[in-house]
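Since the structure comes first, as structure tokens, the remarks are kept for the end.
Computed from the coordinates by the stated procedures, all read-outs in this text should not be read as laboratory data. What you are looking at is a predicted structure, and each value in this text was computed from that prediction instead of being measured. Cβ atoms come from the backbone with ideal geometry, glycine included; neighbour counts cover every protein chain shown.
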Amino acid sequence: MTHDTLLRQVIDYANRADPYPLYAELRKTPVIQGGDDLFVVSTYWEIKSLLHDPRISSDVRNLSPSAAGTLLQEEEASTLPPAFLRLDPPEHDRLRRMTMRPFGPPESPRRVHDMHGELARIVSGLVDAFGDRRQIDLVDDFSYPFPVTVICRLLGVPREDEARFHTWADTIAAGLDPNPDQDPGERRRVTQQARTELGLYLSELIDERSGAPGDDMLSALVTQHGADGQMTRMELISTASLLLIAGHETTVNLITNGMLTLLRNPDVLERLREAPGLALPVVEELLRFEPPVQLLPQRTTLADIDIAGTTIPKGASVWLVLASGNRDPRRFPDPDRFDPDREDNQHLGFGSGIHNCFGAPLARLEAQLALTELARRLDNPRLVEDPPPYRRNAVLRGPRHLDIAFDGLRA
């Protein structure tokens, strides 16, 4: 199998349910060249090294003209500046610091911790709403509404507007997918339209918070004045868009992949039901075993980099396949086994380095509470279809639906 063929199979929807054998093939060559200007890195230590290498850029404007392709054109066509996820220091550091102030340490060290009770009530209410039903779609009935409700309350976005931003978020997330069969011009057009419409919506909310700030994150971002100054309106819109989309898209996958994995491992599900404290290592192992973000396709090199015997030239497009690194047997013994008792589980589920997932503490807590309550409340849960239908996205991989049958709800 040629490298180009292997890459096409990795992103082929036909292999979405189980890409892991393909990742094993990728790891036979830690760095493969999938074209003149595309390099794919699939092994743990090499990925970890590059995530911490200042010569690796997240700003697609640093791609060489031949490697840029549709990615650079998409950025140039955007009316919004890149969010800090797609920036390098010092711009990245400034915006991330400003965004962190109302969210986490050191300025707001208990923000996520103090949400525990409210999150638990949301989870309990969603499970109660199953009522007398004996079958649910976990995605539509639980995994999606839970993190969406949380991020709306955290940011100060009206929950009743979910129907509006759901379509925009799906379209923008789909724009991350490196699908060679999709017309790049059309994808760029619909993605840009969604970004513009979401930006206009958030701009209205920013105006409202400027005149009447509340205790939500959006108000804090609008009104804050600190050592880094104040965000511009365009920076506010880009940052709010990032938080709204990233704040629920990946957590939906984490919870759904988590329940799917537990139902495939009923011994672990039973342990979790009897010992809720197991939720912490269960979620960490899920982040290794079935990470919600499978690969990072938008990295480039600021200089020639030699890694694993291959020279990646300056300006090349670099894909970091996190999910493959998480199954690397050189790093994790018996990597294809789901084992919540695994020691030294330093996975790549939230990335690493300066772009380590901003919302990781919240996502961890949401998944722990969600899976614990589902394990405790569902009586004899079982999969209706295995494998379930998956979302088309190869980057944000997760089931689109997960039908679960059960005998009733425990009190």
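Label-to-label distance for ASP36 and ASP4 is 1.3 nm, based on points extended 7 Å past Cα in the beta-carbon direction.
Using C-alpha pairs under 8 Å with a sequence gap of at least 6, the mean separation divided by the residue count of the stretch 291-401 gives a relative contact order of 26 percent.
With both labels modelled 7 Å from their Cα along Cα-to-Cβ, the ASP170 to ARG376 distance reads 3.3 nm.
Shape summary: the stretch 185-327 maps onto an equivalent ellipsoid whose semi-axes, from the alpha-carbon gyration tensor, are 34, 28, 16 Å in decreasing order. With only Cα atoms counted, the stretch 328-411 has Rg and Dmax values of 16.2, 46 Å.
Nearest 20 debye, what's the magnitude of the dipole of the stretch 298-402 about its Cα centre given +1 on Lys and Arg Cβ and -1 on Asp and Glu Cβ? Don't skip to the end; give the middle numbers.
Details: 15 positive and 14 negative charges, 86 e Å.
So the dipole magnitude of the stretch 298-402 works out to roughly 420 debye.
For the stretch 337-359, the residues whose amide N sits under 16 Å from a probe point set 7 Å from the Cα of ARG271 along the beta carbon direction are 337-345.
Of the peptides 322-335, 279-292, the ranking by mean beta-carbon count within 10 Å, highest at the top, reads 279-292, 322-335. Charging the Cβ of each Asp and Glu at -1 and of each Lys and Arg at +1, and nothing else, the dipole of the stretch 1-158 about its Cα centre rounds to 560 debye. Only one item in [x] 86, 45, 37; [y] 84, 48, 43; [z] 60, 58, 40 matches Cα extents along the principal axes in Å derived from the coordinates shown, and that item is [z].
Among DSSP beta bridges lying fully in the chain, give the percent that are antiparallel, nearest 5. Provide the component values of the computation, followed by the final result.
On the way: 20 of 25 bridges.
Looking only at bridges with both residues in the chain, the antiparallel portion is about 80 percent.
Work out the charge dipole of the stretch 196-271 with +1 on the Cβ of Lys and Arg and -1 on the Cβ of Asp and Glu about the Cα centre, then indicate which of LEU202, THR251, ILE237 is farthest towards its positive end. The Cα lying farthest towards the positive end belongs to THR251.
Using only the alpha-carbon atoms of the stretch 97-186 as identical scatterers, what base-10 log of I(q)/I(0) does the Debye formula give at q = 0.16, 0.23 Å⁻¹? Values returned for q = 0.16, 0.23 Å⁻¹ are -0.89, -1.17.
Here the stretch 103-117 is scanned for amide nitrogen atoms under 16 Å from the site 7 Å beyond the Cα of ASP228 along Cα-to-Cβ, giving 103-109. Under the simplified labelling scheme, the ASP18-ARG61 pair shows an inter-label distance of 4.5 nm, with each label point 7 Å from Cα along Cα→Cβ. Length gained on full extension, HIS113 to THR29, computed as 0.36 nm times the residue gap minus the Cα-Cα distance: 26.0 nm.
Determine, from the Cβ-Cβ distance of ARG133 and ASN356 and an R0 of 60 Å, the FRET efficiency 1/(1 + (r/R0)^6), rounded to the nearest 0.05. Provide the component values of the computation, followed by the final result.
Working: r = 39 Å, r/R0 = 0.65.
Efficiency for this residue pair is about 0.95.
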